[in-house]
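K.L.:
Quick one: this structure, given as structure tokens, is what I'll be asking you about.
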Amino acid sequence: MEKIRRHSLLYKTGVEYGDYTINHVLGCSHGCTYPCYAFMMAHRFGRVKDYNEWLEPKLVENSLELLKKEIPKKQKSIKSVHLCFTTDPFMVGYPEVTEMSLEIIRLLDYYGIKCTTLTKGVLPPELSKFDNKHEWGISLVSLDESFRKQYEPFSADYYTRLTSIKKLHDMGCKTWVSIEPFPTPNIVYQYLPILLECVSFTDKIIFGRLHYNKLVSSYMGFQDFYDDAITTVVTFCSRRGIDYHIKEKTTTKDTIENIERITNSVFPILHHDDVNDFKQYQNYLKYVDLQDSYTNLLFMLKIDNSKLKQIIKKLSDSNNSIHFLHELIIGNTLNEFCKKNSLVLEYSPKYKYSGKKPAKNPDWIVSDGNQKVVIEVVTIDKSNQESAFETCIGLIHNLAKDGLKRNGIDTDLDFNASRFKIPTYQERLNKKEHAKQEDRFTDFCREVSDRIVTKVISGYGRDKYETDDSGLLFKIKSGGLTYMTTVGHETYRVINSILDKGKKYSALSNVMPVIVAVANSHQNRSKAYPPSEIAKLLYYPDTVYEQQFSNITDKEKHINNIQDRIEDLKVLEGILFYKIDYDRIYTTDYEYYPNPHKNNNWEIPEKFKKYLEVNSNGHK
């Protein structure tokens, strides 16, 4: 390796998250083609002739000699020293560079100066021997190896980089990851949350866009893409207690402030294994569906600050958080369509249409400037009783697994809860009584789990299911927990949730049409029957006698319910059924069923008819 000498080495950096820096190598063997900003500057100022010369790095042989003179002079003003901004301290194929880097770190460590490093190479395990105030980082902008071979051709592969930083983390070192320069989808298509999950163990994440590349500016909506990515990063880090920094010029300061205002009140992720009482597990079940992407929706919908505070407050209520997430997802599908079709979308406007009755706040109003349409959201989620049932099963599973582990048995249990009986769950209790009920359920779950642990230790449940006094069947198995449900058991509640909206907006339906949007995130859509059959049961109740509705045992109850509430049904213009898929919230499937019994013959805005006529906003 060629050697060079310099007159100085330690200097103040202009990078916003740096203090002092040391670049003890000229050039870099990794051959990044983003393009490489360090090469562009070196070439501009005549330090190298061309890229080929840049790929043949030169080591500053008098690095330690210089630093032993410079560090004592500047020691009091140095907060930290970064290795390196214009080269790589652990570049692949050059052990001399790694050796020199370790010697420099050893010198900084001796003087008590914090050191940070960043590499596309491999972090050496020797770093774990230094003071833990230092921070060791890798650059990771993708997990796609074909992308790496094109844009970082001679760097360490992504798996090796990740393995090296994870080892240091596991040894108690502080670690960080730079996701910069992050490419646009026309360069490499990837799902940012997966990349973030791979580095979720780290202490800090830095995110920045790709500059100086024409492919970025040619990507339609590239700034929206980066704003969305920033929202994802900030939310991910905020919910997991990870420090973050967004590089300057990735977006505007105003946008950053807006994103941080949205993400400021995010609630932390509640980890499954940390749950040990009924209240915690119930919150876990409620929040588990609240994806990080809810902040992306808030940012894209650009809701004004006063309403934004209300939404965040609603989202933070575990009893209603999923409903308001569904409101946002449906609002996003409406918003995308309205923007493209010159329609106006309002969130939760207050309408006082009668002097005697209080004002109503519909979820969404779509308008073409003349006619308005109410879109009112209904969430088909768990009832409190079912939630208590699921909470008990999950908590017993957690407690039993933990109890077995304490007794030296590291295994999982398979449950069958088809005969499981829980205490009566009472609703509408005051705060004090509700807390007592939670304690009773916690005690119940602990008693069941203790009995199961005792039986497993005694040899039961190894070859076949054993039955606990509560009716819960258990067996040692590598699988998870299962329980049986009855198809159609929620049909009555689904239909009444729709009719309740008709009752609520009966007066408003005389001013504008009211459409109910049924949001459902369960795998089998309404967890009762498909949308077409729910609409059939609602509009033509006598069809309950058809074969496909055999699971509805009290058919007269269903028919009488619709007849008793026919006025509530007549209020509605129609029903939209949305299938909520959290993995693709920007493209939501839906089906529309107009109401043949409606009271009013409203003229739906012509442009909005297109939305109702197509089954998915992905087609638009």
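The values are calculated or read from the model by the stated rules, or taken from the named source; none is laboratory data. Keep in mind that this is a model prediction, so the values were computed, not measured. Because the Cβ atoms are built from the backbone with ideal geometry, glycine has one as well, and the counts that use them run over all protein chains shown. The accessibility values were calculated without ligands, DNA or RNA, using every heavy atom of the protein model including side chains. Shrake-Rupley method; radii C 1.70, N 1.55, O 1.52, S 1.80 Å.
K.L.:
Pairs K114/K314; K279/K309; K350/K555; K133/K314: which are spaced more than 32 Å apart, C-alpha to C-alpha?
P.N.:
Pairs exceeding the cut-off: K114/K314; K350/K555; K133/K314.
K.L.:
For K49, which aspartates and glutamates qualify as cross-link partners when the Cα separation must be under 19 Å and same-chain residues fewer than eight apart are set aside?
P.N.:
E2
K.L.:
Ok, one more. Once both axes come from the Cα atoms, what is the angle between helix 63-74 and the longest principal axis of the chain, in degrees from 0 to 90, rounded to 10?
P.N.:
Rounded to the nearest ten degrees, it is 70.
K.L.:
Which aspartates and glutamates does K372 reach when only Cα atoms under 19 Å apart count, and residues fewer than 8 places away in its own chain are ignored?
P.N.:
Cα-Cα hits under 19 Å: E327, E336, E346, D363, E573, E603, E606, E613.
K.L.:
Through the Karplus equation 6.51 cos²θ - 1.76 cosθ + 1.60, θ set to phi - 60°, convert the phi angles of the range 208-216 into ³J(HN,Hα) values in whole Hz; use x for Gly and Pro.
P.N.:
x, 7, 8, 10, 6, 10, 5, 5, 5
K.L.:
If you place +1 on the Cβ of every Lys and Arg, -1 on the Cβ of every Asp and Glu, and leave all else neutral, what size is the dipole of the chain about its Cα centre, to the nearest 20 Debye?
P.N.:
The calculated dipole for the chain is roughly 1440 debye.
K.L.:
Going toward the positive end of the dipole of the chain, with +1 on Lys and Arg Cβ and -1 on Asp and Glu Cβ, which of C338, Y159, S532 do you reach last?
P.N.:
C338
K.L.:
Here's another thing I want to ask about it. Report D for the range 91-147 in µm² per second (integer): Stokes-Einstein, Kirkwood Rh on Cα pairs, 37 °C, 0.692 mPa s.
P.N.:
D = 262 µm²/s.
K.L.:
I would also like to ask the following. Just by accessible area at a 1.4 angstrom probe, what is the order of M171, M300 from largest to smallest?
P.N.:
The ranking, largest first, comes out as M171, M300.
K.L.:
A further question follows. Over the chain, with the other protein chains present, what is the accessible area per residue in square angstrom, probe 1.4 angstrom?
P.N.:
48
K.L.:
Would you list, by chain and number, the lysines whose Cα falls below 17 Å from the Cα of K69, excluding same-chain residues fewer than 8 positions away?
P.N.:
Output for K69: K12.
K.L.:
How much of the accessible area of the chain, probe 1.4 Å, is carbon plus sulfur, in whole percent?
P.N.:
Its accessible area is 48 percent carbon and sulfur atoms.
K.L.:
Further question on the same structure: Residue farthest toward the positive end of the dipole of the chain, with Cβ of Lys/Arg at +1 and Asp/Glu at -1: which of I187, I104, N52?
P.N.:
Checking the options against the dipole of the chain, the answer is I104.
K.L.:
Sticking with this structure for a sec: Past 29 Å, Cα to Cα, is the threshold; run K79/K302; K340/K570; K149/K249 against it and keep the listed order.
P.N.:
Table pairs above 29 Å Cα-Cα are K79/K302; K340/K570.
K.L.:
Using a 1.4 angstrom probe with every protein chain in place, what is the largest-first accessible-area order of M40, M220?
P.N.:
Correct descending sequence by accessible area is M220, M40.
K.L.:
May I pose another question? Given Cα pairs under 8 Å that are at least 6 residues apart, what percent is the relative contact order of the chain?
P.N.:
Once divided by the residue count of the chain, the mean separation gives 8 percent.
K.L.:
In degrees from 0 to 90, rounded to the nearest 10, what is the angle of the helix 491-504 Cα long axis to the longest principal axis of the chain?
P.N.:
90
K.L.:
Using θ = phi - 60° and the Karplus relation 6.51 cos²θ - 1.76 cosθ + 1.60, list the HN-Hα couplings for the range 167-178 in order, rounded to whole Hz, with x at every Gly or Pro.
P.N.:
Here the 3J(HN,Hα) series is 4, 5, 4, 5, 8, x, 7, 7, 10, 8, 10, 9 Hz.
K.L.:
Hey, can you grab everything whose amide H is under 5 Å from the amide H of E180? Only 5+ residues off in sequence or another chain; H modelled, so Pro and N-termini drop out.
P.N.:
It is L140, G208, by chain and number.
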